[in-house]
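Asks: Dropping a structure here in structure tokens format, bear with me for questions.
The values are calculated or read from the model by the stated rules, or taken from the named source; none is laboratory data. Given the structure is predicted, the values throughout are model-derived calculations rather than measurements. Virtual Cβ from ideal backbone geometry, glycine too; neighbours counted across all protein chains shown.
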Amino acid sequence: MTFFQPFRRKLGVVTLIMACAFAAGWVRSRLIVDFVWYPSTTSGYSIESLQGMIRLTKGTPVAPSAPIQFGSDNLWASPYLKFADNGEPLPFNPDEKLDLIRQSDWLLFRVCNGRIKSSSIAQIEMCIIPYWSIVTPLTLISALLLFTNPRRSKQKKTPEII
């Protein structure tokens, strides 16, 4: 099989597999909320997959002995995530529970910083990334690597010295 002989073809297959994995996560996020929450000594970090987006969150402060949490929830049965800095769930729309200090929107990307309204202590930093912004470039790169022919080098003949 000479098709997979160049390294670029192998890299194309790897990027295609990554694109398929993110596309599966994109479809799953329309029905299921997946989350991982990791507390450290000073902050809590979470990654959630919901409603066609990936949400990265950093919360400060964290309960002293908070355990690592991960799991899934049905999006329609429970619109709240299990991410909790002060014991209360946060909905997906950060405007409802946060006093926003700073917010930047670009297309569907969103970066915001704020405090939880019910607490003057807890601070949240959040970044929302849509799945399409990951799946589309990976698919295009894999197509480019798999279906284009590598350029042949044109070596100039050097004159022989007599």
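Asks: For region 1-34, which positions are modelled with pLDDT under 90, surrounded by 12 or more Cβ atoms within 10 Å (Cβ to Cβ) and aromatic (Phe, Trp, Tyr)?
Replies: Phe4
Asks: Which of the residues belonging to region 40-70 are surrounded by 19 or more Cβ atoms within 10 Å (Cβ to Cβ) and touching a Gly at 6+ places or on another chain (Cβ under 9 Å)?
Replies: Gly44, Ser46, Ser49, Ile54, Thr57, Gly59, Val62
Asks: Consider Val135 carefully, then state whether it is modelled with pLDDT under 85 and among the β-branched types (Val, Ile, Thr).
Replies: Spelling it out, it is not the case that Val135 is modelled with pLDDT under 85 and among the β-branched types (Val, Ile, Thr).
Asks: Additional query: If you take the residues of region 15-64 that are in a helix (DSSP H, G or I) and without any contact (Cβ under 8 Å) to a residue 40 or more places away in the chain, which of them is farthest from Leu108 (Cα to Cα)? Outline the logic, then answer.
Replies: Filtering region 15-64 for residues in a helix (DSSP H, G or I) gives 15-28.
Applying the additional criterion that residues be without any contact (Cβ under 8 Å) to a residue 40 or more places away in the chain yields 17, 20-21, 24, 27-28.
Values: Ile17: 25, Cys20: 21, Ala21: 21, Ala24: 20, Val27: 17, Arg28: 19 Å.
Across region 15-64, the extreme among qualifying residues is Ile17.
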